[in-house]
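None of the figures in this text is laboratory data; all of them are computed from the coordinates on show. From a predicted model like this one, the values you see are computed outputs, not experimental measurements. Cβ: placed from backbone, ideal geometry, glycine included. Neighbour counts: every protein chain shown.
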Amino acid sequence: MSFEKSLDLLRLADMAAARHGGVSLRDITEEFGCNQRTAQRMIRALETTFDNVSYRVDSDMRRWWTLRDRNKLGMPRLRDVELVALEMAIRRAQREQADSETRALVQLRDRLLASIPRPHARRAESDAEAYLEANGFASRPGPRVRLDPVVLGAIHEALKAPFSLEITYQGARDAHERTRLVEPYGLILGPRRYLIAKEVNNSGSFRRFRVDRIRQAQITGQSFARDAEFDLDRFSARAFGSFHADAEYGPVIWRFTPQVADVARDFQFHPDQVVTEEQDGGLRVEFSASGWIEMAWHLYQWGDQVEVIAPLELRKLVADYRRSDIAVVP
């Protein structure tokens, strides 16, 4: 068996051991980019190599193979590239001030390293460290609002349970802080972080609370039933960035000139955008959202290489700021 095939077999063993329902032939063809006959040969090799492989047949007469005891593999289960990915996730969580996620990822890393022989663990750690030093790691430069880790910790714990939260909040138009009882549903990340929650005894509609304006947050211990119809991604998509305003929500149409169309084509300005190639080489982008100020901040970077067709209010907002001397587009 070739070296590459051996690695594929080990990867297949990982899949069969990690997935509770097992792996099917379709899973194998999708994972390894092979045809069904090759997938069948890989399954036979798995059954020949490991004596703890079993399969079940579902209602559609499809077979699902499972590796019952991965400890019998006798091989280190953590590779350097996997440890690199885990370390990068830890560092991203740290920069995002996601304390509970950071702790969970660190604990996962430590358990994985403890589960493999010490020489293999040391080698994986040194290889991962060398890779990170040579290539750097994902970073999000730019200004960020400082957040209270105690408040973030309470929000994260409340989201997991879920428990209602009692927050002390000062909105943009509030002269004084107010105590509110809310049912948290999720966080929207961005230059500013927003908590999406229902305010109890106040219309029951979903609201956005700027996390940096939450002075205190305390878990009540009172659980609640989540609204099964709520979709955080769909709710977030009503905004261009992190800010949402019902009065501004509506169709948005931008046209990029042929000179920057190749650059604009690589952007996803909105999850539901529709992109149209125009005959002169320009690019037309359409979506529905709100948040004109955040749109204007972004459009400024394109100088006079983008035209706002709709809405009219946004077109007027950026009219005096379309500069021709911006030489570098985003």
Scan the range 288-307 and report the pairs whose first residue is more than 12 Å from TRP254 (Cα to Cα) and whose second residue is part of a helix (DSSP H, G or I), with Cβ atoms within less than 7 Å and a gap of 6+ or a chain change.
SER290/GLU248; GLY291/GLU248; TRP292/GLU248; TRP292/GLU313; TRP292/LEU314; TRP292/LEU317; TYR300/TYR321
Condition first: part of a strand (DSSP E or B) and of a type outside the set (Gly, Ala, Ser). Now tell me which residues in the range 206-244 satisfy that.
PHE206, ARG207, ARG208, PHE209, ARG210, ILE214, ARG215, GLN216, GLN218, ILE219, THR220, GLN222
Would you please list the contacts, defined by Cβ atoms under 6 Å and residues six or more apart or on different chains, that run from a residue in the range 255-270 that is of a type in the set (Phe, Trp, Tyr) to a residue that is assigned to a helix (DSSP H, G or I) and buried (at least 17 other Cβ atoms within 10 Å of the Cβ)?
PHE256/ALA264
If GLU294 satisfies every condition in (1) assigned to a loop (DSSP other than H, G, I, E, B); (2) within 24 Å of ILE196 (Cβ to Cβ); (3) among the acidic types (Asp, Glu) but one, which is the exception?
(1)
Examine the range 169-190 for a residue that is loosely packed, with under 13 Cβ neighbours inside 10 Å, touching a Gly at 6+ places or on another chain (Cβ under 9 Å) and farther than 30 Å from TRP302 by Cα, and state whether such a residue exists.
yes
With touching a His at 6+ places or on another chain (Cβ under 6 Å) and closer than 27 Å to LYS316 by Cα as the only criterion, which of ARG192, ARG255, ARG238, ARG173 stands out?
ARG238
